[in-house]
1. In debye, nearest 20: dipole of segment 33-147 around its Cα centre with unit charges on the Cβ of K, R (+) and D, E (-)?
2. Largest first and to the nearest Å, give the Cα extent of segment 311-427 along each principal axis.
3. Loop only by DSSP, 15 or fewer other Cβ within 10 Å of the Cβ. Give me the trypsin sites (Lys or Arg not before Pro) in segment 134-172 that pass, ordered by residue number.
4. Between residue 12 and residue 408, 0.36 nm times their residue separation minus their Cα-Cα distance comes to what?
5. Give me the percent of the accessible area of the chain that comes from carbon and sulfur atoms, probe 1.4 Å, all protein chains in place.
6. By how many nm would the segment from residue 173 to residue 78 grow when fully extended, if each residue of separation counts as 0.36 nm and the alpha-carbon distance is taken off?
7. So if R0 is 45 Å, what FRET efficiency would residue 46 and residue 333 give, r being the distance between their Cβ atoms, rounded to the nearest 0.05?
8. Assuming a viscosity of 1.306 mPa s and a temperature of 10 °C, what translational diffusion coefficient in µm² per second does Stokes-Einstein assign to the chain, Rh being the Kirkwood radius over Cα pairs?
Amino acid sequence: MLGAEEALEAVLGQARPLGGEVAGLAAATGRILLDPVRADRDQPPFDRVLVDGYAVRAASLGSGARLRVVAEIAAGQTSRTVVGPGEAAAVMTGAPMPPGADAAIMVEHTARESVAGEEFVTWPAPGASPPPVRPGTAVAPRGCETRAGTVLLRPGGRITAAAAGVLASVGKVRVQVGRRPTVAVMSTGDELLHPRARRPGPARIRDANSPMLAARCRALGLRVRRLGIVRDDPERLRTAIRTGLESDVLLLSGGVSMGRFDYVEPVLEGLGVRLLVTSVRIRPGKPFVFGFREEDSASSGLVFGLPGNPVSAFTAFELFARPALDRLEGMERVRRPRFRVRLLNPVVNRGPRQAFLPGRVRTAPDGVLEARGIRSVGSADLGAIGQANALLVLPAGAGEAPPGAEILAMPLEGFPDSGPGWQDPRG
Ligand code: AMP
Ligand code: MG
């Protein structure tokens, strides 16, 4: 049986990026950038004035000065008027420095007057005590942020809103982004009913996994094909799985453990799927299956056979399927981050497998991450994972980790809470 790290290696070994497509700036945000983005010109592209005020020669100021105003330059304008000794050009923030000037002074520190049709400014204004002005004061020289050709965004990461701003600033309105994998989702099990079932029979339960996994994929921006609930019947499974394999990734749940009606593995193998992982040394999530279709096909043909127990399915998805989906999309660093958290209550792992336990993490006032293990009666206890914003990671045979102990946590949606607040509504 593989450990979590080895299983992830096996999965990522088959998850090759799907290639790229061109997207407009708005549609590209949130997707994976495939090409480096370079500055198309120096930034700023000219010596830029940083204040509303006057462009001057610093040497004209001394300990005070009265300067003749020779020009006015708004942002977006250029002026050819040379600012000489004893002269000033009125400038707005973002305007290019006029020739001759080497510094800018703030309008707040000046007083202006008209004399016989000419304009003058006095610096400092009566009562003002500005800091000294030297050549370069309140000017961002051309290229001080970036030189033309410098790489501003590296490929392999998700395009954030700030990165979209960078793309816009260099005129990249069409970008090469990773193609997103298509995902098919199905649940297997004779006991399963559609969630809308009003009166489930005594031995029947509602399908929680398909809606959960589909929601998770949609939140990642992926297109999901829902294949519904499939009975524990080899023929029906075969038909449904064949359809599922048309998508880049098939996520199915249930039917992958040792029960007499767990047909998924033989059906997969019968369809030419090579199984690389058939169980993992983790709790929950041990009966996890991963394989890929060997024959060449249009899709990448990855299959994740997730455990039927919803908490296990969720955990196995986060640990193995999510990094694979990110990698297919072209993301470079796909390993989920882990944070060091301080426990507020004891959590236990006496078993021989690495444990991933539902937890709720918050930031204490001093910024330390604090974690509470959520009471759970096992891997079918969806109520516990429904409240979790992290999985608390305990090594095999760790025993009890007491309050105050520092352990690792994998973030889930909603990580972390800011401040107190969370209380287990189940008491
Ligand atoms: P299996 O992996 O098929 O042996 O299922 C393990 C457990 O998970 C059983 O108790 C199933 O009833 C339950 N289960 C399987 N699939 C689902 C599902 N889609 N939603 C909720 N529970 C499920
Ligand atoms: Mg089953």
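1. In total the dipole reaches around 260 debye.
2. 40, 34, 25
3. 147
4. 140.3 nm
5. Whole-percent figure for carbon plus sulfur exposure: 50.
6. Taking residue 173 through residue 78 to full extension adds about 31.5 nm, to one decimal.
7. 0.75
8. The diffusion coefficient I find is 61 µm²/s.
The values are calculated or read from the model by the stated rules, or taken from the named source; none is laboratory data. Remember, it's a predicted structure, so these values are computed and weren't measured experimentally. Note that we place each Cβ from the backbone using ideal geometry, even for glycine, and neighbour counts take in every protein chain shown. Surface areas here come from the heavy atoms of the whole protein model, side chains and all, with no ligands, DNA or RNA. Shrake-Rupley method; radii C 1.70, N 1.55, O 1.52, S 1.80 Å.
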